[in-house]
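Bear in mind that the values in this text are calculations on the coordinates, not laboratory data. Because the structure is a prediction, the values reported are computed rather than measured. Counting neighbours? That spans all protein chains shown, and the Cβs are built from the backbone with ideal geometry, glycine included.
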Amino acid sequence: MTAGPRFPARLFRYTAVVSLLTFGILYAQEPAPTGSPVTPAPADPAIAGALQQVSPDNIKAIITKLVSFNNRSTLSSMDTDLKPGTGINAAADWIESEFKRYSDACGGCLEVKRDEFVEPGSTAPLSRITKPTKLTNVYAILRGTDPAQANRVVLVTGHYDSRNSDNFNTHDPAPGANDDASGTAVSIESARVLSKLKFPSTIIFLTVAGEEQGLNGSRHFAKLAKSEGWDLEAVLNNDIVGGDTTPGAVGADKSAVRVFSEGVPGPTTIEQLHQIQNIGSENDSPARELARAIVDISHTYFHPTSQRLSANTPAGQPHNMAMKMIPAFHPVMIFRRDRFGRGGDHTSFSNEGFAAVRFTEWLENFSHQHQTPRVENGIEYADDIKFDDFNYIANVARLNSAVLSTLAAAPGQPQKVAVLNPPYDTRTVLRWEKPAGFPAGAAFEVVYRDTTQPDWTNVISAGDVTTIAIPISKDNVIFGVRSVDTAGHRSAAVYPIPPPRTRPVPGTTPAPPPSTN
Ligand SMILES: [Zn+2]
């Protein structure tokens with residue numbers, strides 16, 4: 001194709017001016033960087049030690065206690081005829097006391113709080129809260145030790161409310177051992193093991209109510225985070241992570257947990273949607289970069305093992321020396337917001353602009369969710385504790401704890417990450433700003449992958465700089481920039497976008513939406 005006569009001249013003038021004034025010196029001095037394969041970060045001994053403290057027995061004790069409240073329906077908060085020690089208010093009180101117990105054990109290191117509010121209710125058809133109802137979120141804060149970074153927050157959550165077959169039934173059993181005492185136990189157990197450590201930024205261990213009525217508790221908490229200006233970098237929602245164990249069932253994978261991440265952020269405006277289309281960032285939302293960070297961290301702390309095939313050969317029989325690999329417990333990224341057509345508490349945080357993902361077991365069993373306990377035609381319906389696998393939940397808790405502690409220890413994410421050059425330039429020039437409290441010795445890394453790859457494959461160590469020129473076309477690969485400290489703690493990567501312009505530059509304005517002619 002040929003361009004009009006004025007177009008190349010303008011483009012040349014712009015490129016020449018930008019290159020000479022801004023990057024000429026950099027290009028002249030820096031050798032062209034090349035990438036190396038991404039490898040796991042070194043393990044942090046303190047984090048590895050905390051993961052060893054995660055206890056299946058303690059998780060079992062937490063879930064047993066939660067089930068003992070009989071029915072944790074959010075609507076039971078307004079009941080006056082419940083037996084003592086039952087209902088959601090009793091559950092909230094116990095979670096608060098448990099967080100306080102852990103805090104006492106670490107010299108008061110946790111701030112234990114309640115976020116109480118009243119949902120007014122609605123009589124509209126399909127409303128699941130029909131009268132004013134008190135909701136209580138219970139949470140513990142492990143405050144960051146660096147004042148410059150303490151406003152950075154990573155958060156783990158599960159919903160402690162439960163339900164049975166009838167949304168409005170508050171008196172018959174609703175054990176909710178998997179949905180979602182399992183996720184609640186992940187949050188509580190993470191608090192227990194991580195409260196023994198200190199981090200420069202803040203970790204919040206949250207348990208919410210109202211999930212079953214429409215994500216009401218998490219919505220209130222996400223708005224609190226937004227209104228108070230928290231720099232909430234990561235939300236890990238654990239919902240149905242019990243590793244359902246049903247006799248005779250096939251298809252479960254006890255080595256895998258799904259990590260759901262949305263491709264298009266919750267609050268995207270139509271203008272932002274046009275930019276996502278224009279620069280091809282539909283697979284690089286903050287939630288998806290968080291999912292990739294979770295996979296990266298899992299490679300540091302979970303390793304496959306091998307075992308002799310004939311480990312149990314009877315005495316006197318020949319030994320088979322062949323080995324079998326036992327896969328490490330691992331996250332599997334699922335590139336969608338949640339399970340098909342369904343929802344969860346992470347979306348409340350996504351909708352406020354925060355990076356949020358959902359952990360869920362590999363294969364759900366719907367006979368063991370939202371069911372009033374009963375047997376019909378030989379099938380047992382109940383979200384009963386006997387179907388939970390505490391070793392599986394412990395692995396989910398270890399993965400959550402590894403992610404929370406690594407991100408809380410890592411420097412903040414690079415800020416205002418931008419691609420500087422105009423579209424008609426085969427190099428890639430990236431620029432960013434240091435986050436607050438960037439520690440001495442820390443550095444930045446550029447990661448990249450082919451457009452068809454799900455995860456980062458290559459990395460370039462940029463050092464302690466805030467601009468880099470890379471002789472690889474941004475058309476052909478996807479770039480991200482992340483922070484790393486001297487111990488190897490890595491932040492999640494940030495996808496670079498063109499910087500906002502104060503005046504239009506000829507030949508470089510974003511393309512308008514496609515026309516029909
Ligand atoms: Zn749930």
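With labels modelled as points extended 7 Å from the Cα through the Cβ direction, what inter-label distance (nm, one decimal) is found for HIS303 paired with ASP464?
Spacing of the two 7 Å Cα→Cβ label points: 3.2 nm.
Please tell me the relative contact order of the chain in percent, rounded to the nearest whole number, where contacts are Cα pairs under 8 Å and at least six residues apart.
Value for the chain: 18 percent.
Just the projected area, averaged over all directions, of the convex hull on the alpha carbon atoms of the chain: how many nm²?
32.5
Checking the a/c ratio against 1.5 first, then a/b against b/c, what shape does the Cα gyration tensor give for region 146-244?
Oblate, because a/c is 1.5 or more while a/b does not exceed b/c.
Could you work out the local net charge near VAL264, counting Lys and Arg as +1, Asp and Glu as -1, over the other residues with Cβ closer than 9 Å to its Cβ?
After counting each charged neighbour, the total is -1.
Could you tell me how many degrees, from 0 to 90 and to the nearest 10, lie between the Cα long axis of helix 88-105 and the main elongation axis, the longest principal axis, of the Cα atoms of the chain?
It works out to around 70 degrees.
Looking at the chain, send over the antiparallel percent of its DSSP beta bridges, to the nearest 5.
70
Using Cα positions and a limit of under 17 Å, work out the lysines in reach of LYS196, with same-chain residues fewer than 8 apart set aside.
Counting by Cα, and skipping residues close in sequence, LYS196 has these lysines nearby: LYS100.
Short version: ³J(HN,Hα) in whole Hz for each residue of region 434-446, in order, from phi by Karplus 6.51 cos²θ - 1.76 cosθ + 1.60 (θ = phi - 60°), x for Gly and Pro, what are they?
Result, rounded to whole Hz: 5, x, 4, x, 4, x, 4, x, 6, 8, 10, 10, 9.
Calculate the FRET efficiency for ASN169 and ARG336 from the Cβ-Cβ distance with a Förster distance of 51 Å, rounded to the nearest 0.05.
Step by step, r from the Cβ atoms, then E = 0.95.
Would you kindly derive the ³J(HN,Hα) couplings of region 262-276 from the backbone phi angles with the Karplus curve 6.51 cos²θ - 1.76 cosθ + 1.60 (θ = phi - 60°), listing them in order in whole Hz, with x for Gly and Pro?
So the Karplus estimates, Gly and Pro as x, are 7, x, 10, x, x, x, 4, 7, 5, 5, 5, 5, 4, 5, 4 Hz.
Can you tell me how region 307-420 classifies by the Cα gyration tensor, rounded, prolate or oblate, using a/c under 1.5 as the rounded cut?
Here region 307-420 falls in the oblate category.
Measure nothing fancy, just the Cα-based angle from helix 181-194's long axis to the longest principal axis of the chain, in degrees from 0 to 90, nearest 10.
70
So which GluC sites (Glu not before Pro) in region 218-320 end up in coil per DSSP with only 10 or fewer other C-beta atoms within 10 Å?
Here the GluC sites (Glu not before Pro) that fit, given the DSSP loop and packing criteria, are GLU228.
Please give the Cα centre distance for region 394-432 versus region 152-225, rounded to the nearest Å.
Here the answer is 26 Å between Cα centres.
Label region 114-161 by shape, choosing from rounded, prolate and oblate, from the square roots a ≥ b ≥ c of the eigenvalues of the Cα gyration tensor; if a/c is under 1.5 it is rounded, and otherwise prolate applies when a/b is larger than b/c, oblate when it is not.
In terms of gyration-tensor shape, prolate.
Please list, in order along region 153-158, the HN-Hα scalar couplings obtained from phi with the Karplus expression 6.51 cos²θ - 1.76 cosθ + 1.60 (θ = phi - 60°), rounded to whole Hz, x for Gly and Pro.
The phi angles translate into 9, 10, 9, 10, 9, x Hz.
Given the -39500 (n - 2.57) contribution per DSSP H run of 4+ residues, what per-residue ellipticity at 222 nm results for the chain, rounded to the nearest 500 deg cm²/dmol?
Dividing the helical sum by the residues of the chain leaves -8000 deg cm²/dmol.
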